[in-house]
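> Starting off with a structure, shown below.
The values are calculated or read from the model by the stated rules, or taken from the named source; none is laboratory data. Everything quoted here is computed from the prediction, not taken from an experiment. Heads up, the Cβs are rebuilt from the backbone with ideal geometry, glycines too, and the neighbour counts pull from every protein chain shown. In case anyone asks, the SASA skips ligands and DNA or RNA and just uses the protein heavy atoms, side chains included. Shrake-Rupley method; radii C 1.70, N 1.55, O 1.52, S 1.80 Å.
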Amino acid sequence: MDETTLYRKRKRPAEAFLLSAVYGAASVSVMLLCGMIGYLFFRGAGAVSWRFLTTVTDVAKKTSGIAGNMINTLYIAALTLLAAIPLGVGAAVYLSEYAKPGKLVNLIVFTTETLAGIPSVLFGLFGMGFFGETLGLGYSLLTGALTLALMVLPLIVRNTQEALRAVPEGYRSGALGLGASRFYMIRTVLLPAAMPGILTGVLLSVGRIVGESAALLFTAGSDGHLPKPGGSAFGTIRSLGEKMLESGGTLAVELYLQVQNGRYETAFGIGCVLIAAAFGLNLLVKLAAVRLRNRA
Amino acid sequence: MKTETKHPHSGSVMADRRKKNAAEGIAQTVFAACAFFVILAVVSITLYLLAKGVPALLQVGPGKILLGTVWKPTAAEPQYGIFHVILTSLAGTALAVLLGVPVGILTAAFLAEIADRRLAAVVKPAVELLAGIPSVLYGLLGLTLLNPLIYRLELTLFRDSPDHRFTGGANLLSAALVLAVMILPTVISVSETAIRSVPPGIRAASLALGGSRVQTVFRAVLPAAKSGIATAIVLGVGRAVGEAAAIALVAGGCVNPPFPFRSVRFLATAIVSEMGYAAGRHRQMLFTIGLVLFSLLMAVNAALTKIRKAGTGEHG
């Protein structure tokens, strides 16, 4: 009688196993993250000091510093975005506001996806050959930035496209109905409304730029010097301009080289800085997403 | 208004309109040019790799390169066989997918179906942060944290085999484990989206027919999300095949056939680790390796497109 009652909950051992597998898998991700970050700070926090962050490596004094690499990272990020944002946003606007669905749009979408699927080491190979040798830019921050611009372009295109898609149709017909031309409507209504989404794409791009090493190793090189002090405002601009055509290693490249040379302490120090940057960017992406939701 | 007499239309509605039309035309052209730039970029990368990689391939002979097993680019009589390198990329990726995908899909099922809001609020940010960690850091952590562990395993496993060449933990197994962790965030986030987009009716139907929660997830929801999950897996494969920096640090780097406890070299790492000193034919050969890698990824992309098409067919 007991076996046939509906009120006794049936035991399903296979289900219990599956359920514990699900919980186990989920906890793996959390533990991985905590373990990795904990270990990183355990090994690296000691290396991070004010001097580490604000000076360059001095062989004579036997001190290591990453100020030059930090400036290179910011410089490359700025140059890359300068090239990639207009192109990416422009392409997305064309795709979602001008182009009529058809073969051409499919081709552009397909190539965007292809570009997103190309691994960074191939971008590095292409950038080194095409920008570095064919165009004669050599190992320089500019070569690195142009290479990375190609790499992050799909991120910006996709995020902008999605943001534009999320803008209600009424915004468009409203603006057009009031007599605005299409370009005016895009400039004054669509792009401002899509701004948080575009920003998300830009922040994700910054994350990739900051973390990239394979594509930069043979395009931007590994120099870690600070830009020469310019003296005057004009001199500063000029020395920054010259810097563009000089070799410069970002933090991630420097980390890679330090590991290869077996200097783990410095490597862990740089690792801490990179993780802090990654967390900061993640937070900003979240804020952008919240703003996007509130706006919509 | 003197100008009005000279140019009868300026300031009029018609002139305004003409100016506006010109601006409109320019804007449209500029936007179109941006979009075409994407096509241009892909075409030029493809052509460039072909132009740089094919001549060396033909001069040395495709058979000798693709099926050759000896890689001695700097010897007096250089040999450029990359068969083992290709096999390593395939085997390493397969192993990484085998290890990473089940965990990824189960985590996605956890986030989308099983976890309550409080638990999901812990796991989801962790996954997002995992995605944001730069790949070199995975290399650094793999080298300092994972390699010693694998070495200990290696020491116990091969205690009695004197002809085993110890790798110190820098081997295919370590590389595959690091790759498995690296593809996790991609697999999780894409699968989660796929699971969430399963129509609620499927869940309701399964539950109404007496299916338990676990049965509903595994027998009804996951099968309904299979095309999205396949996309997630293929994206993971793409990421694993192309990863270079992290793997260059943990895989050892010798050209060997892919066995778990052998020091190995992947396609992507071959480029990164030799570009610094390669010259002449050797350098061309690295472009050929790049071309092989590119073809592999194009195959991955083709699979992706096919899955996506099949997926839209299913729902439409």
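> What average number of partner chain Cβ atoms lie no more than 10 Å from the Cβ of the residues making up B:172-184?
Whole-number average of other-chain Cβ neighbours for B:172-184 is 1.
> Could you sort the peptides A:200-210, B:204-214 by per-residue average Cβ neighbour count (10 Å cutoff), highest mean leading?
Output ranking for A:200-210, B:204-214: A:200-210, B:204-214.
> Enumerate the amide H contacts of B:TYR80 below 5 Å, restricted to partners 5 or more residues apart or on another chain; note that Pro and chain-start residues carry no placed amide H.
Placed amide hydrogens put B:LYS72 under 5 Å from B:TYR80.
> Next question, about the same structure. Answer with one residue from A:SER239, A:THR55, A:TYR39: the one whose Cα lies farthest towards the positive end of the charge dipole of chain A, charges on Cβ with Lys, Arg +1 and Asp, Glu -1.
A:TYR39
> Given a Förster distance of 30 Å, report the FRET efficiency between A:ALA60 and A:ASN261 from their Cβ-Cβ distance, rounded to the nearest 0.05.
The calculated FRET efficiency here is 0.95.
> So what's the stretch B:1-126 giving for Cα Rg divided by 2.2 N^0.38 Å, two decimals? If you can, show how the numbers build up before the last one.
Values: Rg = 30.6 Å, N = 126, 2.2 N^0.38 = 13.8 Å.
That works out to 2.22 for the stretch B:1-126.
> Tabulate in residue order the Karplus-calculated ³J(HN,Hα) for the stretch B:273-284, using 6.51 cos²θ - 1.76 cosθ + 1.60 with θ = phi - 60°, rounded to whole Hz; enter x for Gly and Pro.
With the stated coefficients, the stretch B:273-284 comes to 7, 10, 4, x, 10, 5, 9, x, 4, 4, 5, 4 Hz.
> Place a +1 charge on the Cβ of each Lys and Arg in the protein assembly as shown and a -1 charge on the Cβ of each Asp and Glu, then give the dipole magnitude about the Cα centre in debye, rounded to the nearest 20.
Roughly 1260 debye for the protein assembly as shown.
> Let me ask something else about it. For the stretch A:259-270, in order, what is each residue's ³J(HN,Hα) by Karplus, 6.51 cos²θ - 1.76 cosθ + 1.60 with θ = phi - 60°, in whole Hz (x at glycine and Pro)?
Coupling constants for the stretch A:259-270: 5, 4, 8, x, 8, 6, 4, 4, 4, 5, x, 4 Hz.
> Return the single residue from A:MET70, A:MET36, A:MET151 with maximal mean-square fluctuation; model: Gaussian network over chain A, springs between Cα atoms under 10 Å.
A:MET36
> Express the relative contact order of chain B as a whole percentage, based on alpha carbon pairs under 8 Å and six or more residues apart in sequence.
23
> Over the stretch B:64-315, with every protein chain in place, what whole percent of the accessible area is carbon and sulfur at 1.4 Å, could you tell me? Please list the in-between numbers first.
Values: 6800 of 10570 Å².
Answer for the stretch B:64-315: carbon and sulfur cover 64 percent of the accessible area.
> Averaging over all projection directions, find the projected area of the Cα convex hull of the protein assembly as shown and quote it in nm² with one decimal place.
That works out to 39.1 nm².
> According to a simple spin-label model (label point 7 Å from Cα along Cα-to-Cβ), what is the distance in nm between A:PHE42 and B:ARG159?
2.6
> Over the stretch B:64-315, with a single point scatterer placed on each C-alpha, what log10 of the ratio I(q)/I(0) does the Debye formula yield at q = 0.07, 0.09, 0.11 1/Å?
-0.30, -0.48, -0.68
> When the C-alpha atoms of the stretch B:143-223 are aligned to their principal axes, what extent does each axis show, in angstrom, from largest down?
61, 25, 17
> For the stretch A:214-280, what ratio Rg/Rh do Cα atoms give with a Kirkwood hydrodynamic radius?
1.07
> How much accessible area is lost when chains A and B come together, counting both sides, with a 1.4 Å probe, in Å² rounded to the nearest 100?
Numbers: alone 17770 and 18190 Å², together 29380 Å².
The buried area between A and B, both sides summed, comes to about 6600 Å².
> Taking a probe of 1.4 Å, how large is the accessible area per residue of chain A, in Å²?
Accessible surface, normalised per residue, equals 49 Å².
> Once amide H atoms are placed 1.01 Å from N in the peptide plane, what residues at a sequence separation of 5 or more from A:GLY65, or on another chain, have their amide H within under 5 Å of its amide H?
Excluding prolines and chain starts, which carry no amide H, the hits are A:THR57, A:ASP58.
> Computed over the Cα atoms of the stretch A:52-295, what is the ratio Rg over Rh, Rh following Kirkwood? Working shown, then result.
Values: Rg = 20.4 Å, Rh = 19.6 Å.
Rounded to two decimals, Rg/Rh equals 1.04.
> So what are the ³J(HN,Hα) numbers for the stretch B:147-152, from phi and the Karplus equation (6.51, -1.76, 1.60; θ = phi - 60°), rounded to whole Hz, Gly and Pro as x?
My calculation for the stretch B:147-152 gives 4, x, 5, 5, 5, 4 Hz in order.
> Calculate the mean, over all residues of peptide A:103-116, of how many other protein chain Cβ atoms lie within 10 angstrom of the residue's Cβ.
The mean count of partner-chain Cβ atoms within 10 Å per residue comes to 5.
> Once the principal axes of the Cα atoms of the stretch B:179-316 are found, what is the range along each, listed largest first in whole angstroms?
Largest to smallest, the principal-axis extents are 68, 33, 21 Å.
> Continuing with the same structure: About the Cα centre of the stretch B:165-316, what is the dipole size in debye to 20, counting +1 per Lys and Arg Cβ and -1 per Asp and Glu Cβ, all else neutral?
It comes to approximately 200 debye.
> Can you give me the orientation-averaged projected area of the convex hull built on the Cα atoms of the stretch B:96-167, in nm²?
Reported value for the Cα convex hull: 6.8 nm².
> What are the chymotrypsin sites (Phe, Trp or Tyr not before Pro) within the stretch B:217-301 that DSSP puts in a loop, where the Cβ has at most 10 other Cβ atoms within 10 Å?
B:TYR277
> Strictly greater than 22 Å: what percent of every Cα pair in the stretch A:165-296 meets that?
60
> Run through the stretch B:147-183 and list the chymotrypsin sites (Phe, Trp or Tyr not before Pro) located in a DSSP loop whose Cβ has at most 15 other Cβ atoms within 10 Å.
B:PHE158, B:PHE166
> Please pull out the direction-averaged projected area of the stretch A:36-80, using the convex hull of its alpha-carbon atoms, in nm² to one decimal place.
Over every viewing direction, the Cα hull of the stretch A:36-80 projects on average to 4.2 nm².
> Moving on to the next point. Which residue fluctuates most in the GNM of chain A (Cα springs below 10 Å): A:SER247, A:SER29, A:SER213?
Between A:SER247, A:SER29, A:SER213, it is A:SER29 that shows the largest mean-square fluctuation.
> Now for a separate question. Based on Cβ point charges of +1 for Lys and Arg and -1 for Asp and Glu, what charge dipole magnitude is obtained for chain B about its Cα centre, in debye rounded to the nearest 20?
I would put it at about 740 debye.
> With equal scatterers on the alpha carbons only and no solvent term, can you work out the Debye log10 of I(q)/I(0) for the stretch B:57-214 at 0.08, 0.15, 0.16, 0.17 1/Å?
Each listed q maps to, in turn, -0.41, -0.97, -1.03, -1.08.
> Add -39500 (n - 2.57) for each DSSP H run of 4 or more in chain B, then divide by its residues: what number comes out at 222 nm, to the nearest 500 deg cm²/dmol?
The helix-only estimate for chain B comes to -23500 deg cm²/dmol at 222 nm.
> Between B:ALA278, B:ALA170, B:ALA240, where does the largest GNM mean-square fluctuation fall for chain B, given springs only between Cα atoms within less than 10 Å?
B:ALA278
> On to the next question. With unit charges on the beta carbons (Lys and Arg positive, Asp and Glu negative) and the dipole taken about the Cα centre of chain A, which residue among A:ILE156, A:GLY207, A:ALA26 sits farthest to the positive side?
Towards the positive end, the residue furthest out is A:ALA26.
> Inverting the mean 1/r over all pairs of different Cα atoms, compute the Kirkwood radius of the stretch A:1-134 and quote it in Å.
22.1
> Still on this structure, please answer the following. Please work out the average accessible area per residue across the stretch B:176-316, using the 1.4 Å probe convention, and give it in Å².
38
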